[in-house]
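Where a number appears in this text, it was derived from the coordinates with a stated rule and is not lab data. Predicted model only: the values in this text are computed from it and were never measured. Because the Cβ atoms are built from the backbone with ideal geometry, glycine has one as well, and the counts that use them run over all protein chains shown.
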Amino acid sequence: MPGETAPDPYRVWLSEVMLQQTTVAAVTPRFERFIARWPTVEALAGARDEHVLSEWAGLGYYARARNLIACAREVAARGGFPDTEEQLRQLPGIGAYTAAAIAAIAFGRRALVMDTNVERVVARLHAIEAPIAESKPRLRELLDMMTPVERAGTLPRR
């Protein structure tokens, strides 16, 4: 909405990384603890690896935690998060989906945020019967047509 403050890129990034292959129920209390302990990307960048890894315990996939540390340090060294998908993808541990989500949600960029769930919904919506793996280019085209120019990160109601 006009006048609203955009979401903090640090919080968007942290939540997106934590939610990869982990449930919201498992992530929510851990996210709150991370934010309380490291309220900024600079604070997380300055944390000792073992402290971050210890706090990550139980979320699985420790490569995500190591990438989280490396990414935080690079972002802090740059002076903040870049705001485009292309630049975000250059950071450690940030793939296409996460880059699109951060660009759309935190920076208001038009980005195609497509994960497996979105692929399934778009395929069903458009009655695509071919396997998802074979349909990805077409699904991306369809998602592109459905994604609004403004506020793509919130998909406003019409």
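Summary: within the chain, the longest segment free of GluC sites (Glu not before Pro) located in DSSP loops with at most 13 other C-beta atoms within 10 Å is 5-128. Here the chain is assigned +1 on the Cβ of each Lys and Arg and -1 on the Cβ of each Asp and Glu. Its dipole about the Cα centre then comes out at about 180 debye. Taking 0.36 nm per residue of separation and subtracting the Cα-Cα distance, full extension of the segment from E150 to R110 would add 13.7 nm. Remark: the range 59-64, residue by residue, has Karplus-estimated 3J(HN,Hα) of 8, x, 6, 5, 4, 4 Hz, where x stands for each Gly or Pro and the curve is 6.51 cos²θ - 1.76 cosθ + 1.60 at θ = phi - 60°. Residue separation of Y62 and Q21 scaled by 0.36 nm, minus their Cα-Cα distance, works out to 13.6 nm of gained length.
Can you give the calculated 222 nm mean residue ellipticity of the chain, where each DSSP H run of n ≥ 4 adds -39,500 (n - 2.57) and the sum is split over every residue, rounded to the nearest 500 deg cm²/dmol?
When only DSSP H runs of four or more count, the value is -18000 deg cm²/dmol.
Karplus-based coupling profile of the range 129-134, in residue order and whole Hz: 9, 5, x, 3, 4, 7, with θ = phi - 60° in 6.51 cos²θ - 1.76 cosθ + 1.60 and x standing for Gly or Pro. Along the range 92-98 the Karplus relation, 6.51 cos²θ - 1.76 cosθ + 1.60 evaluated at θ = phi - 60°, assigns HN-Hα couplings of x, x, 9, x, 4, 4, 5 Hz to successive residues, with x for each Gly and Pro. Subtracting the Cα-Cα distance of R48 and L125 from 0.36 nm times their residue separation leaves 23.1 nm of extension gain. The mean sequence distance of close C-alpha pairs (under 8 Å, at least 6 residues apart), as a share of the length of the chain, puts its relative contact order at 21 percent. Between the Cα long axis of helix 9-18 and the first principal axis of the chain there is an angle of about 80°, rounded to the nearest 10. Pairs of alpha carbons in the chain separated by more than 28 Å make up 26% of all such pairs.
Taking the C-alpha atoms only, the angle from helix 116-125 to the longest principal axis of the chain is near 20 degrees.
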